[in-house]
Structures are given as C-alpha cells and as structure tokens.
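Chemist: Below is the structure I would like to discuss, written out as structure tokens.
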C-alpha cells in the first residue's frame with residue numbers, strides 16, 4: 001500500500017469521528033503514523049522515521065502488549081477520575097460546614113477552626129492518594145467505547161453527580177448541627193457530633209465511590225488491601241479524638257453518648273448511601 005493511500009484511510013476514519021490507532025515499522029508508514037491519533041511504531045524492526053512519527057513505541061514488537069497498555073491506561077484514567085470526584089464531593093461539605101454557620105450567624109458560628117480542617121485533611125488525604133491509586137481495573141473497563149478525542153476529562157454529568165453528593169452530605173451535616181443545638185448541646189458536643197457525621201460520610205463515600213457503576217457488594221471484593229487499613233486507621237483516630245482526653249481537650253472535642261454517636265454515624269452513612277440506588281438505576285438503563 002502506498003503512503004498516501006494509508007494516509008487517506010486514516011483521514012477518512014478521523015472524519016467519521018473514529019479514534020484511530022496506526023501500527024507501522026517502515027518509512028512509508030511515517031505520514032499515517034503522524035496523522036493517526038495514536039501512532040505505534042515497532043521498537044526492534046521499526047525504522048527511525050517510523051519511531052519519530054509515532055506516539056508510542058513497542059519495544060519488543062509484541063502487538064498483544066497493546067491490549068495490556070490500553071487496559072492499564074484505562075485503569076489509571078478511571079482511578080484518577082475517582083480520586084478527583086472524591087475530592088470534589090468531600091470538600092464541599094467541609095467548606096460549607098465552616099462557611100454557612102459563620103455567614104448566617106448561627107448559635108456556634110466557628111464550629112470548626114483551621115486546626116480541625118487540617119486534621120480532617122490529614123484523615124481524608126490518604127484516601128484519594130493511596131486507596132484510589134491502587135484500585136484494580138473494573139471488569140467492564142475494556143467493554144467501554146473509546147473516548148472521543150475532543151472530550152474533556154470531566155463531563156457535566158459526572159461533575160454534577162459529584163457536586164450533588166457533596167451537597168447531600170452538607171445537608172446531613174447541618175441537620176446534625178441543628179439537631180444538637182435544638183437539644184441544648186454545648187459547642188464542644190455539637191462539634192463532636194458534626195465531626196463524626198463528616199467522618200462517617202467520608203468512610204461511606206470512600207467505599208461507595210470505588211465504582212460509579214457496580215454496587216458496594218461487588219466493589220468490597222476488589223483486591224485492595226489498603227482499603228480496610230485506611231478505614232480502620234480513620235476510625236481509630238476518630239475514637240481517640242473523642243475519648244482520649246488529652247487529644248479531645250486539645251482539639252475541642254468530647255465523648256458522645258451512645259445515642260448521639262448513633263445519630264451522627266447514621267446521618268453520615270445515609271447522606272452517601274442514596275448513591276447505591278442511583279447506580280442500580282444506571283445498571284437497569
């Protein structure tokens with residue numbers, strides 16, 4: 001096949017809005033390799049012109065490795081999106097929990113100080129950087145169609161879902177705040193309830209957002225040994241902050257009664273659990 005014929009095929013496919021990959025090793029493959037979205041040259045047999053024109057080079061000329069490369073790329077891409085969507089969802093309630101009581105002049109306007117925010121960041125930070133980085137590839141990853149070349153990292157639907165997750169969590173958090181105040185709780189007791197609500201929501205969000213398609217009963221079986229480790233550490237730190245007097249006094253927390261603890265945890269879990277119903281609806285579609 002002549003070089004211009006290969007180039008015409010590439011351009012015809014691109015004009016039909018296809019994502020085009022081209023493999024080649026010779027000088028005559030150069031124009032097509034350059035024109036394709038992804039040019040793939042052979043590392044051993046490929047000419048220098050083919051390698052320079054390509055986006056990727058197969059070092060051992062094994063075409064089957066391209067499938068592994070696509071799978072690896074999709075896993076990294078999806079895990080990065082999960083981490084960023086988690087960051088968006090969990091930071092909305094953190095920011096608004098500080099902003100709303102202060103701006104509206106509620107009973108305890110400074111429910112969280114910068115120290116509390118930093119501490120929550122230390123708890124929530126490892127979730128996105130450690131857990132989601134090590135998530136395995138989902139079983140439907142290779143069944144998805146290639147993304148269009150012009151698509152952005154996030155579409156509006158994905159962004160809105162993450163924002164809605166955050167807004168529902170803040171609704172539950174502020175409901176706990178008002179519940180505590182109306183029952184005559186002190187500022188320290190109210191802060192402790194709000195904190196536990198946020199931490200519970202964070203744990204639930206971490207587990208549920210491991211997949212935006214499969215239910216938690218499926219994702220809980222994913223092999224990622226860091227998930228139980230991070231969750232247990234988060235729970236232990238939260239318990240120490242409430243019931244270990246030196247830390248509780250330092251950060252302005254106090255131990256909660258069994259009822260207050262149950263209400264706070266339940267509110268946090270429920271503020272995220274609704275997403276399982278949404279995922280079920282997606283699977284039915």
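Chemist: The conditions are (1) touching a helix residue (DSSP H, G or I) at 6+ places or on another chain (Cβ under 8 Å); (2) within 30 Å of residue 108 (Cβ to Cβ), and residue 95 fails exactly one of them. Which is it?
Modeler: Every listed condition holds for residue 95 apart from (1).
Chemist: Please indicate, with yes or no, whether at least one residue in region 239-255 is surrounded by 14 or more Cβ atoms within 10 Å (Cβ to Cβ) and closer than 30 Å to residue 140 by Cα.
Modeler: no
Chemist: Which members of region 25-35 meet the condition of being touching a strand residue (DSSP E or B) at 6+ places or on another chain (Cβ under 8 Å) and either modelled with pLDDT under 90 or closer than 15 Å to residue 147 by Cα (or both)?
Modeler: Correct list: 25, 29, 30.
Chemist: Another question about this same structure. Is one or more of the residues making up region 180-192 modelled with pLDDT of 90 or more, surrounded by fewer than 15 Cβ atoms within 10 Å (Cβ to Cβ), within 26 Å of residue 248 (Cα to Cα) and under 21 Å from the mean Cα position of the chain (by Cα)?
Modeler: No, region 180-192 contains no residue that is modelled with pLDDT of 90 or more, surrounded by fewer than 15 Cβ atoms within 10 Å (Cβ to Cβ), within 26 Å of residue 248 (Cα to Cα) and under 21 Å from the mean Cα position of the chain (by Cα).
Chemist: Here are some conditions: (1) under 14 Å from the mean Cα position of the chain (by Cα); (2) surrounded by fewer than 12 Cβ atoms within 10 Å (Cβ to Cβ); (3) in contact (Cβ under 8 Å) with a residue 24 or more places away in the chain. Residue 140 meets all but one. Which one does it not meet?
Modeler: Result: residue 140 fails condition (1) only.
Chemist: I'd like to know if region 92-106 contains one or more residues that are farther than 22 Å from residue 163 by Cβ, surrounded by 13 or more Cβ atoms within 10 Å (Cβ to Cβ) and assigned by TED's automatic domain parsing to the domain that holds residue 224.
Modeler: First, the residues of region 92-106 that are farther than 22 Å from residue 163 by Cβ: 105-106.
Next, only the ones that are surrounded by 13 or more Cβ atoms within 10 Å (Cβ to Cβ) stay: 106.
This time we only want the ones that are assigned by TED's automatic domain parsing to the domain that holds residue 224, so: 106.
Yes.
Chemist: Here is a further query. Being buried (at least 16 other Cβ atoms within 10 Å of the Cβ) and closer than 28 Å to residue 159 by Cβ is the filter here, so list the residues in region 45-74 that pass it.
Modeler: 74
Chemist: Cβ contacts < 6 Å: first residue more than 20 Å from residue 20 (Cα to Cα), restricted to region 35-55; second residue at pLDDT 90 or above and part of a loop (DSSP other than H, G, I, E, B), any location; separation 6+ or different chain. Result?
Modeler: Pairs that qualify, where the first residue is more than 20 Å from residue 20 (Cα to Cα) and the partner is at pLDDT 90 or above and part of a loop (DSSP other than H, G, I, E, B): there are none.
Chemist: On to the next question. Taking region 144-189, which residues are within 29 Å of residue 265 (Cα to Cα) and either outside any helix (DSSP H, G or I) or touching a strand residue (DSSP E or B) at 6+ places or on another chain (Cβ under 9 Å) (or both)?
Modeler: Once the filter is applied, which keeps residues that are within 29 Å of residue 265 (Cα to Cα) and either outside any helix (DSSP H, G or I) or touching a strand residue (DSSP E or B) at 6+ places or on another chain (Cβ under 9 Å) (or both), region 144-189 yields 183, 184, 185, 186.
Chemist: Still on this structure: Within the group 195, 212, which residue is touching a residue at least 60 places away in the same chain (Cβ under 8 Å) and closer than 29 Å to residue 282 by Cα? Give the steps one after another, and end with the answer.
Modeler: Numbers: 195 fails: closer than 29 Å to residue 282 by Cα.
Just one listed residue meets the conditions, 212.
Chemist: For residue 5, only one of the following conditions fails: (1) in contact (Cβ under 8 Å) with a residue 12 or more places away in the chain; (2) in a helix (DSSP H, G or I). What is its number?
Modeler: Looking at each condition in turn, residue 5 falls short on (1).
Chemist: Here are some residues: 210, 182. Which one is farther than 14 Å from residue 275 by Cα and assigned by TED's automatic domain parsing to the domain that holds residue 136? Don't jump to the end; show me each part of the working.
Modeler: Details: 210 fails: farther than 14 Å from residue 275 by Cα.
Every option except 182 fails the conditions.
Chemist: State all residues of region 224-252 that are touching a helix residue (DSSP H, G or I) at 6+ places or on another chain (Cβ under 9 Å) and more than 21 Å from residue 125 (Cα to Cα); if no residue qualifies, say none.
Modeler: 248, 250, 252
Chemist: Since residue 79 meets every condition but one in (1) under 27 Å from residue 145 (Cα atoms); (2) surrounded by fewer than 17 Cβ atoms within 10 Å (Cβ to Cβ); (3) touching a residue at least 40 places away in the same chain (Cβ under 8 Å), which condition does it not meet?
Modeler: Result: residue 79 fails condition (2) only.
The values are calculated or read from the model by the stated rules, or taken from the named source; none is laboratory data. Because the structure is a prediction, the values reported are computed rather than measured. All Cβ positions, even for glycine, are placed from backbone atoms using ideal geometry, and neighbour counts span all protein chains on display.
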